[in-house]
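In what follows, a structure is listed as structure tokens, so that the remarks can point back to it.
The values are calculated or read from the model by the stated rules, or taken from the named source; none is laboratory data. The shown structure was predicted, so the numbers you read here are calculated from the model rather than taken from an experiment. Every residue, glycine as well, gets a Cβ built from its backbone with ideal geometry; the counts of neighbours run over all protein chains shown.
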Amino acid sequence: MAVIYILWLREVKRYLRSRAQIIASLGQPLMYLLALGFGLGPVFQKSGQGSYLQFIAPGVIGMAVLFTSIFSGVGLLWDRQFGFLKETLVAPVPRLYIMIGRTLGGATIALLQGTLVLTVCLIAGFRPHALADIPLALLYMVLIAIVFAALGTAIGSALRDMQGFQMVMNFLVMPIFFLSGALFPLADLPAVLAVATHLDPLAYGIDGLRGALIGLSYFGLVTDLAILCIVACCFLALGARWFSRIQA
């Protein structure tokens, strides 16, 4: 257990020391929040859907958690390239502990980033329907972070070099985001798109965030929670299996 704590603390300290990374990671969420939240607001309001800023803010928070957690897992490639991974793997501890420590560290970083984006959303004018539900929203952020930090670890264990990184971005991460319902309502979608959104684990995370923050849920909060827990267990098992086979 001490190994898990040390690796978790190492990941968090590395993130907190990189102030440039913290600031830069706010760029994309701010772009979506301001450009789309205010730009498409009048159109969304004319369609009778209310404030688009209120609708998109949980999606932007989920996006921040998704990208940060995935990137922290794929950062395994950098550790392999510069030799840090080899130093960790030669330690006389089970690799499962190393994987769990790295995954929890990445999830914690993603949670911090999501909380920072939530604060920015509040400054921009987003208002949760009840402050008492923010802890529930944090729970969904934690689950999203664990799901995709574990997936990122699995991907980082499977890739050999950074050349596959763009493929991961273009064919996995971006579709996961755009099919999650972060930018559009999930109701009344075409059949093919509806099936795709139901298969997207992030859709349940953002739906849970939206339900907790503004009281608007498509799947139901209990369903969102159950699906995220199941997917988290599956991705943790997959990440542990692939990490156990990694060669530094």
Q) Got a number for residues in the stretch 209-248 being assigned to a helix (DSSP H, G or I), among the hydrophobic types (A, V, I, L, M, F, W, C) and closer than 21 Å to GLY106 by Cα? A) 17
Q) How many of the residues making up the stretch 16-73 are at pLDDT below 70, surrounded by fewer than 20 Cβ atoms within 10 Å (Cβ to Cβ) and either in contact with an Asp or Glu (Cβ under 8 Å, 6 or more places away or on another chain) or in a helix (DSSP H, G or I) (or both)? A) 12
Q: Look through GLY152, GLY105, GLY114 and report the one residue that is in contact with a Gly (Cβ under 9 Å, 6 or more places away or on another chain), part of a helix (DSSP H, G or I) and either modelled with pLDDT under 85 or closer than 14 Å to LEU236 by Cα (or both).
A: GLY152
Q. Hey, among the residues in the stretch 170-208 that are under 29 Å from GLY156 (Cα atoms) and charged (D, E, K, R), which one's surrounded by the most Cβ atoms within 10 Å (Cβ to Cβ)?
A. ASP207
